[in-house]
Each structure stands twice: as C-alpha cells, then as structure tokens.
Amino acid sequence: MPFKLIFQLSLGNLVRYRRRNFFLLASIAVSLIGIIFSSALIRGWERDLERGSVEDFSGHVKMLHPRFLDDPTTEHHFNLLDLDASVFENLELVGWAKRIRVPGVVSSERKTRGVQIVGIVPSLESISFLASITVDGKNIEKEEEEGVLIGKELAEQLETGVGRRIVLMIQGSDGQTKETGVKVLGVYDAEGTGYEKTYVITGLKFLQDVLVNSSDPDKRAGVVTELSILLEDEAKTAILQDLLQENFPDLYVADWRTLDPEKARMADIAEISIAIFLGFFFVGLIFGLINTLIASVIERIRELGLLRALGMRRSVVLLQVVCESLLIVSVGTVLGLSAGWIICELVIFGGGIDMTAYAEGAEAFGINATLNPVVVGSDYLSFGLLTLLLGLLASYFPARRAMKVSPLMAINR
C-alpha cells in the first residue's frame, strides 16, 4: 500500500475523532507551553546571574595581582605601564576598565560603615553597572574627581546626602592607613541594593594620589588593582584567559565564575533545573501519549479488523497507527512551540515580570527587580525534536496492539 494512502487514512482519522484528538493536541501543546515558558524564565534567571556578576566590576575576565584576593589592599597592585598593550589590539572586546578597588571604612557625622572604595575612569565604565545608574546630584565625570558617589542605601545608613562631607579610611600601598575627607558629589540608585550598600565611587587618579606611595606621578598613574575585560562572545572567555595568562605570567587571570563562585553555582543549578523540568515533562508526556493512543486503538478494533479483512498487512496497520500518532504529536508540537514563543515575546514586550514585591528575597538569588524570559533557539529545537521522538516511541505500543487485531476479534467485538 502506498504511503500516500496511509497518510490520507491517518489524516482522515484525525478529522473523524475530533474530540479525542483535540484533547490530545491540547495536552501536548499546553505541556510544551509550560516547559517553554519555565525554561525561558530559568534562562532569564541564569542571564541575570551572569550579568550581575559581570557588571559587578568583574567583566568576563579580570587581571589581578597574584596575592590580591588573599589580601585585597593597594600593596598588591600592578602597573599598567609594565604591560605590553599590543596583546589587546586584536581581541574582540566590548570594552575594558582599569580600577583601584579596595576595602575601606566610610564615616559620616553619625554612622560608620565598611565598604568597597573604587577608583574609576568614567569613560571606561560602560561595562559595569555604573552605566545604568541614576544619580541625584553630580556624577563622577573625570578620573581626577576628588569627591565621591555613594549608593542610596548607604546614604540612608550613614544619614548623609549630597553636599555633605564624609571620611574615607583606606590602607595605602605602604601598608599605612590613609584618612581623607571628601565631599559627597551624588547619590546613585542602582538596580540592586547590594551595589548601593557596598560601593563608594571616586576618580581613579584621586585614589592613586591618596593611596600610592610614590613621588613619580607617571609611575603613580599606572597603578591599578584590577583590569576587567568584557568580551563580545562570552564563549571565548577561556581562550582569552589562557592568552592573557600566557602573556602576563606574573599576574593572576580569572573569569567571572572563579571570582564569583556562588553565582556560578546558581547558574549551574539553573541548567540542572531545566533538565529536571524536561525530565518531568517528558515522563508525563510519554505515559499520557501511550494511554491515549492505546485507548484510541481499543475504540477502533472493528475498523482495524475490517482493514485486516480487506487484506491490509500487519506491517501496514502498524505504519498507519504510527503515522497517525506522529501527525497528532507534530501538530501539537508546532502549536505548543508557537504559543510558547508568543507568550514569552508578549511578556518581554510588556517589560518582563515585576519582582519588586519580592525584591529582597529575589536579589539574594541573583534575580533582578524585573525578570525577563530569555528565548533560546536551541531550546525550541531540542524540545521539538524530543517531543517528536517520544511521540514515535509512544506510538510503538498501541501500534503493536493494533497489529495483533484480527478480523475474528473485530467480529466478536
């Protein structure tokens, strides 16, 4: 029997048993919509984790003094003037930023807090969270800036504000504690309160003048504690890390996962979560398909017996049932993937899912105030192919049952 006829018979059965097939299609489509949307939200969480770590002054790759992580002070610095800048010329970078970032203490008239004091070159900070902050007052506009920018949360804790003076206490490159009074130029509002409580921002050159014990201004100007690099393609992180470590063996080169292992573990958990969702989904789907398809074969014993009486071979009966099952699964898969994609796009277009009501708890898990689903093409391809494969496997058992139907069995029914 030609395949065209088998296909026509299968298509006809889809139309004849509309109610049963509608519920089967709906179950496949709804299941796929659920897994698509859930995986997109988990991908969004994963992206927030990576972006949060990368924008937290890490970049994809960071260069440090080998002892800086164990003792993060200006004593453990390196000089950019000693590096061969030609290494960076042919790299596909979004950008890079040089900084001094050291722990310190900030005091107002009323309160004292431990913070991270960061000296920046403002024009290079498009790769960090500073590119998206809003500032009440004056922002840091040049690296010679002598004032500071503090977070909204820190300003509330210190009970201070724009125009007030605070005192910074930091350990200098000679191991001695440096103390300097500065003016609060502005108060910044970042996406996460963690930034606002942690970082006090000032100009790089100002911090170099305060902390570096050197009478040579040119040598002092090259002193930094870190160099962060943001790549166009995050997948090339390992290649860049190896290249930099090879060219600068006296420095420690690390990626964001090494520098922020907590968020890296959370990102790994996100990947595992997708696999768990897939497992539950596909186990439920295959049992649902098998039960529904076997029920449909039992309903059609008379029809299948008549076909056998008319001379249809067992193998053709098996092929017809498999073809019919794959048609149902294919249509359900297309509907589910399409609807899932549309729902994700509508959520993205609508500005994402507002998490501000759970901001404090969400931030602990690396989730931003707004969670946006992330649509990944490879996920759609994987989910679609796996659903079709499971549909093929699920159709085997009812097809075997249909193949055993004899004309005599149909008459007895």
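The numbers here are math on the coordinates, done by the rules we state, and not lab data. Just so it is clear, the structure is predicted and the values come from calculations on it, not from any experiment. FYI the Cβ positions are ideal-geometry reconstructions off the backbone, even for glycines, and counts take in every protein chain you see.
Laid out as a table, the results:
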quantity: Likely footprinting exposure, 395, 382, 228, 123, fewest C-beta neighbours within 10 Å first; calculated: 123, 382, 395, 228
quantity: Reach of residue 111 by Cα under 19 Å, taken over aspartates and glutamates that are not fewer than 8 positions away in the same chain; calculated: 153, 156, 159, 179, 196
quantity: Sequence of 129, 280 once ranked by neighbouring C-beta atoms within 10 Å, starting from the fewest; calculated: 280, 129
quantity: Cβ-based exposure ranking for 68, 88, in which fewest neighbours within 10 Å come first; calculated: 88, 68
quantity: Environment charge of residue 128, counting only residues whose C-beta is closer than 13 Å and scoring Lys/Arg +1, Asp/Glu -1; calculated: 0
quantity: Amide proton proximity set for residue 95, modelled H, under 5 Å, gap of 5+; calculated: 230
quantity: Burial order of peptide ranges 153-163, 231-241 (average beta-carbon count within 10 Å, highest first); calculated: 153-163, 231-241
quantity: Calculated FRET efficiency for the pair residue 20/residue 93, C-beta based, R₀ 45 Å, to 0.05; calculated: 0.20
quantity: Alpha-carbon Rg/Rh ratio, for the stretch 65-139, with Rh computed the Kirkwood way; calculated: 1.03
quantity: Per-residue HN-Hα couplings for the stretch 82-93 [Karplus 6.51, -1.76, 1.60; θ = phi - 60°; Hz; x = Gly/Pro]; calculated: 8, 8, 7, 5, 5, 4, 8, 5, 9, 7, 8, 10
quantity: Estimated translational D of the stretch 66-250 in µm²/s (Stokes, Kirkwood radius over Cα pairs; 25 °C; 0.890 mPa s); calculated: 142
